[in-house]
Amino acid sequence: IKTEADSGDTSSGASLPHDSFTKSFVCGSFAGFAQSFVICPMEHIKCRLQVQHGTGSADALYRGPFDAVHKIVSNHGVAGLFRGMCVTWWREVPAFGMYFSTYDTIKDWGNKMFEDENGDVKDFHAWGASAFAGGFSGCFTWLIIYPFDIMKTRIQTAPWDTPRADLKMVAVCRSIIRENGWRFMFRGLGVTLVRAFPVNATVFPVYEFTLNHLVSSGIGGRD
């Protein structure tokens, strides 16, 4: 897709080429798989600290993140940090695949809508398409994977003596629905979507703006 940047104006990121849906999905999914090894233990610690009721309470097991890491590793080994890894994969892999592939697809559709007879897209149209695509892809992704996030939190905050069979995804899902109904699987989704749209509508335009200027300045490049 040609934009004003193709004619020398580098303020638009829309001139950067996009990959096919399948390629973006595969690359995004692999990125989600890789980052799961970092985010799983970090979110486990975060969730453990968030469900405590404060210093002095009966469930205040950890004084902070470093203390939590030390005690978990001491009592449950390094593997204890990675409780909930399977459900984290189920959340992150499809999430990142859909996130990037949906963004590229929606942004390309938007640019095509605003093309003039020469195939050019004005900068503010390109930024608008990027912002909308970013916001939409962020919300769409959360809508799909939100139940996995609910299950992950339940698994990672369960008592340490919980039987392993009760921590399996299917068992946790059944337990949540039996105790609270299926709507509980989407509890908090509304505020998550309200946050996701502006955040992701900002991330992608800024990313493409920065990348475009790095490329045009000779710091980076594409084949």
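Side notes on the structure shown:
- Working note: Karplus 6.51/-1.76/1.60 with θ = phi - 60° gives the range 148-156 the couplings 5, 5, 4, 5, 4, 5, 5, 5, 6 Hz, where Gly and Pro are set to x.
- Accessible surface, 1.4 Å probe, highest first, among residues 89, 142: 89, 142
- With all protein chains in place and ligands, DNA and RNA left out, the 1.4 Å accessible area ranks 29, 216 as 216, 29, largest first.
- Across 71/168; 23/112; 107/152; 46/107; 71/152, pairs whose alpha-carbon gap is larger than 26 Å: 107/152; 46/107
- For residue 53, the solvent-accessible surface computed with a 1.4 Å probe is close to 150 Å², ligands and nucleic acids excluded.
- Residue-span extension gain [residue 75 to residue 209] - 0.36 nm each, minus C-alpha spacing: 43.5 nm
- Once the chain from residue 160 to residue 186 is taken as fully extended at 0.36 nm per residue, the excess over their C-alpha distance is 6.8 nm.
- Backbone geometry of the range 184-190 corresponds, through the Karplus equation with coefficients 6.51, -1.76 and 1.60 at θ = phi - 60°, to 3J(HN,Hα) couplings of 4, 5, 10, 5, x, 5, x Hz, x marking Gly and Pro.
- Given a 1.4 Å probe and the protein chains as shown, residue 202 ends up with an accessible area of around 80 Å².
- Residue 63 long-range amide H proximity, modeled H, under 5 Å: 68
- Separation of the residue 171 and residue 112 label points, Cα + 7 Å toward Cβ, nm: 4.9 nm
- Surface listing: 74, 36 arranged by accessible area from highest to lowest gives 74, 36, probe 1.4 Å.
The values are calculated or read from the model by the stated rules, or taken from the named source; none is laboratory data. This structure is a prediction, so every number in the text was calculated from the model and none was measured. Because the Cβ atoms are built from the backbone with ideal geometry, glycine has one as well, and the counts that use them run over all protein chains shown. For the accessible areas, the whole protein counts, side chains as well, though only heavy atoms, and no ligand, DNA or RNA atoms are used. Shrake-Rupley method; radii C 1.70, N 1.55, O 1.52, S 1.80 Å.
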